[in-house]
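> There's a structure below that I have some questions on.
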Amino acid sequence: MPFDNILSLQCWRRFTCICLLWLAVLMPAHAHDPFEGNVELLVFDHKLEIKMTLGFDAARASLVRAGMTPGAVSTLKSEAARSETGSARLPLTAAAAILDVSAAGGVAMTPSAAHVAFGDMETTYLLIYPRPSTDSVHVTAATFGYIEAMRPMTIVSAGANGRVLSRAVLSVHAPMAKLNLAADSSSTPASGGADMFRLGVQHILEGFDHLLFLGALLLGLRRLRPILYVLTSFTLAHSLTLALAALGVVRPASAIIEPLIAVSIVLACIQNLRDDDGAASRYWMAAGFGLIHGFGFAGALQDELGNGDRTFFVPLVMFNMGVEAGQLLVALPVIAVLQLARRHTGFLRYGQPALSLMVATIGVFWLGQRIT
C-alpha cells in the first residue's frame, strides 16, 4: 500500500469501525498503571474487608517496605499459585506498610487476617478487621509516605449489598479518608463529586501522552472549525470508552492500550509531515484513537467504584467533566499560540515539521518502553 494511503480518510474510517467492533467483542481484563491503586471497604455484620489493588511498581515498593525479601515474595507467589483462592496469607505486620486503619477517636485497629493475590500487572491485598462499634473508620494509605510517584486513588465503602456508603480520593496531600460504615452517617456518597472532578483535572494534566496526541492533532490544523470538530470527536470518543471501562462493561489490558496510545502520537505526527490540512482524516483519527485514550483515562477510577450502585453515576460524570476541563485548560492556550505562529511562513515551513519530529520521537521512545 502506498504511503499516502496509509493515513487516508478511508483508512481512518475503517480504523474507527474496527475499534467499535473490538469494543463489542472484547472481554474484560483488569489492569492498572504501575503507580495507581484503589481501595474498597466492604461492611459486614461482624467484620470489615478492605481490598487494596496496586499497580505493579507500587505493589513491589509496598512489599519491600513491608520487609519482604525477594525470596519471601517468591514463596508467597508459589503459595498463591497453589491455593484454590489464588491468594496467600500475608504476615499481619506487613499490613502497616499498606494501610493504617483506626476507629473513631483514633483507636488503631489491627487486622485479624491478611491475604495477597498476584496478577500480571497488579497486586491485590485483602485485609480483614473486626467491625468496630463506631459508625465510621479512618483509613490512611501508607503508600503515599514512601512512593513518590504514587498517583491519587479512589476509596469507597459499601455495604454487603453493594450500596455505596461513602467515597473519597486519596492523594499525597490527603492520604487519609473518613469512611462510613452505616447508611445514616453524616456524609453522603455524593460528597466525593468535587474530589472526582479534581482527580479528572489532575489525571489529564499529568497524562502527557494524551496531551501530546491532542497537540499533534491540533498542530496540523490551520482553521478554527476543523479544530473544534477534532476536539469534539476526541471528547465524544474517549467519554464513551471511559464510561464503558469505569462501569466494568469492557476493560482491555493496559499492555495493549498503552502501546497504542504511543502509536497514536507517532501517526498523528506523520500526518503532519505529509504537509496537508487533512481535516477529515483527523476527525476519524481523533475518534478512533480517542476510543483508545478513553481506556487510559479510566485507569484512574477504581475497578469496582460503586459496584453498580446508581450513586456511581455522579462521580463518573464529575471525573469526566474534570478531564474535559483539564483538556480545555491546555488546548485553548495551545490553539491561540499556534494561530499566532501560523501567521509566519517560517513556522509552517520549518517549525511545524520540527515540532512534529520532536513529538514523534517522544512517541517512539514511549512505544519502546511500553512494549518491553
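> Provide the solvent-accessible area of E40, counting protein heavy atoms only and rolling a 1.4 Å probe, rounded to the nearest 10 Å².
About 10 Å², ignoring ligands and nucleic acids.
> Using alpha-carbon pairs under 8 Å, 6+ residues apart, how would you state the relative contact order of segment 50-115 in percent? All intermediate terms of the calculation are to be shown ahead of the outcome.
Values: 45 pairs, mean separation 18.8, N = 66.
RCO, segment 50-115: 28 percent.
> With Rg and the Kirkwood Rh both taken from Cα atoms, where does Rg over Rh land for segment 124-217? Before the final figure, lay out each step's value.
Values: Rg = 16.1 Å, Rh = 15.2 Å.
Computed over Cα atoms, the ratio is 1.06.
> Show me, for segment 252-263, the HN-Hα J-couplings you get by feeding each phi into the Karplus relation (A = 6.51, B = -1.76, C = 1.60, θ = phi - 60°), rounded to Hz, glycine and proline as x.
x, 5, 5, 4, 8, 5, 4, x, 5, 5, 5, 4
> Name the residue from A255, L267, A245 whose Cα lies farthest towards the positive end of the charge dipole of segment 178-273, charges +1 on Cβ of Lys and Arg and -1 on Cβ of Asp and Glu.
L267
> Mind checking which lysines have their Cα closer than 19 Å to the Cα of K77? Skip sequence neighbours fewer than 8 apart in that chain.
Counting by Cα, and skipping residues close in sequence, K77 has these lysines nearby: K51.
> How many angstrom lie between the C-alpha centres of segment 331-356 and segment 240-271?
After rounding, the separation between the Cα centres reads 27 Å.
> Between V317 and E49, how many nm apart are label points set 7 Å from Cα along the C-beta direction?
3.1 nm
The values are calculated or read from the model by the stated rules, or taken from the named source; none is laboratory data. What you see is a predicted model; the values in this text were computed from it and never measured. Here Cβ is always computed from backbone atoms with ideal geometry, including for glycine, and neighbour counts include all displayed protein chains. Heads up: the accessible areas ignore ligands, DNA and RNA and are worked out on the full protein's heavy atoms, side chains in. Shrake-Rupley method; radii C 1.70, N 1.55, O 1.52, S 1.80 Å.
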